[in-house]
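A short reminder: the numbers here are calculations on the coordinates, not readings from a lab. These figures come from a predicted structure and were not determined experimentally. Counting neighbours? That spans all protein chains shown, and the Cβs are built from the backbone with ideal geometry, glycine included.
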Amino acid sequence: MADVPLDYLAPQVPRLRTVLRRVAAVVTVLAVIGVGTVAVHRIVVSCAGVRSGLIRVDGECVGTLTDVDRHFFSDDLRSVQAAIARENAWVHEQWQADPERNRYVRVALLSPMTATAKSFMSAEQIRHSVQGAYVAQRRANHTPDFADPRPLVQLVLANPGSRQTQWRRVVEALERTTDDRHPLVAVIGMGTSITATRDTAHYLSASDADLPMVAGVATSDEFRDIPGFVRTSPSNTDYVRALGAYLAENPELRTGMLVYDDSEPDLYVRDLRAVYERLLGRYLTVPAKAYFGAADPENRTQLFSTIQTSVCNTPRPDLILYAGRALDLDDFVHSLAVRSCRDPISILVGATGLGPFADLTPILQQGQITIINAAGVDPAWFATESPPSGTAPDGLMPFLTAFRAEEFGEPGALDDGYGPTHHDAMATAVMAIRAVTPGLPPDEIPRAGNVRGQLMNLNNSSYVPGAGGRLTFTTTRMADPIGRWIPVISIPPSAAPPAHRPYVTSG
């Protein structure tokens, strides 16, 4: 029998807890619909014991995990979850030894922890996100990098599912912990730019829990004006502005075609398409073409045959403005590589990071294709022990030193950008937490509302020393960070050195 979406069970929670104890975590729920009574049989399975906070839905364990080693969401996450568990235990031990001095609060990483064929985040991106958040937690508790290391911080993992469909259940569980002795005071991560993330952000923005949100890779402009929400990644508008600066320096690229994923719902794609049209519309002289991609796996186009033919028609584009997920870019490149014409063509992409796409170099060269990626990170930053001065943000080396000390042992773990952006999300939350502390009486601890009120005070000298730049936030830019580096990367790498310092967001 199929697992039940948790939203059906909201009225049943108290009764479920009792019944679950009696029947070893498997229950049948009777739902009353309308005036008549209709028996609807549902099965709910606890993943790691009744008190774990996790329930299996559609084959995935979703929910909030405070004891992060009680259940491993996947073998991929086993080592980093164990590391978080050790750090959380250390924090609790410090509090037990000196409750007055070593008070602590909690921050939740609310983001997919499980990957499926229909995921918007891959297993690697999930793992890197958790690793980045953990590294920032360690730095927060053991160094003065993010101001005075008090209060201490525990990290909680909250899984809304691979497509975030169970967000409401998970968020409601988080809300109930904001008044705990060791309160939850912030939510980071938030997942990708899809409708579930938008709905989550609007819900938390209006919630009495007052939880501040710091997103890692939610780049859609639709999040920009949500109160209590900031992000450490560039926005789609910032990505396209960086691409516009690149085009201004490369006037030989002038005939463009928009290629976009027409799947629904995908806010990232829809928003990126709109920004291309708004800011780079003068380049769009060839009719646009659509495909069905990662957001709609059942209808996913594999060969892009119509687009493959169109790029060889007249007028022939020399650049493609790509509004789609990185998951589809590999197929798209292979399709273009065997087109009938061989004129050089550039694919412009705005994405946090493309990671292993550097391995496509032979195919790109064969097809006379260049990918131009306005990104959250430059893989060249991580290729040496220390990037040359002026070629990377000031906060990168302290992050790299801390990340390498953990010996996660995965080459290229930072290239997709998910580790650095989620590190910066945690760092931002911690800086807001520490900004509250000086104004509190000695016997009080920051609460969510206090922390939320400090997000827009992280500016001037109170910047966040992030891996992606000296991040600050203002009411003018709202969710979008100032000081965020956006390197524009060429794949294959260009023989010529960059003509200018990477694009940096400003106020």
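Oblate is the label for the stretch 99-213, because the ratio a/c of its alpha-carbon gyration tensor axes (a ≥ b ≥ c) is 1.5 or higher and a/b is not greater than b/c.
Measuring r between the beta carbons of ALA82 and THR143 and using R0 = 30 Å, the FRET efficiency lands at 0.90. For the chain, take the longest principal axis of its alpha carbons; what is the angle in degrees between that and the long axis of helix 396-405, to the nearest 10 within 0 to 90? The helix 396-405 is inclined about 60 degrees to the chain.
Taking 10 °C and 1.306 mPa s as conditions, the stretch 441-507 diffuses translationally at an estimated 110 µm²/s according to Stokes-Einstein applied to its Kirkwood radius (Cα pairs). In the chain, taking the dipole from charged Cβ atoms about the Cα centre, the farthest positive-side position among ALA89, HIS182, ALA380 is held by HIS182. In this calculation the C-beta distance from GLU277 to ARG176 is compared with R0 = 41 Å, giving a FRET efficiency of 0.40. So what's the gap between the Cα centers of the stretch 261-287 and the stretch 85-135, to the nearest angstrom? Centre-to-centre distance over Cα atoms comes out at 35 Å. Relative to the current alpha-carbon distance between PHE292 and THR476, full extension at 0.36 nm per residue lengthens the span by 62.6 nm. In this simple spin-label approximation, THR116 and THR401 carry label points 7 Å from Cα along the Cα→Cβ vector, and these lie 4.4 nm apart. Annotation: the residues SER207, SER310, sorted from fewest to most other C-beta atoms within 10 Å of their own C-beta, follow the order SER207, SER310.
Between TRP90 and ARG342, the FRET efficiency estimated from the beta carbon spacing at R0 = 45 angstrom works out to 0.15.
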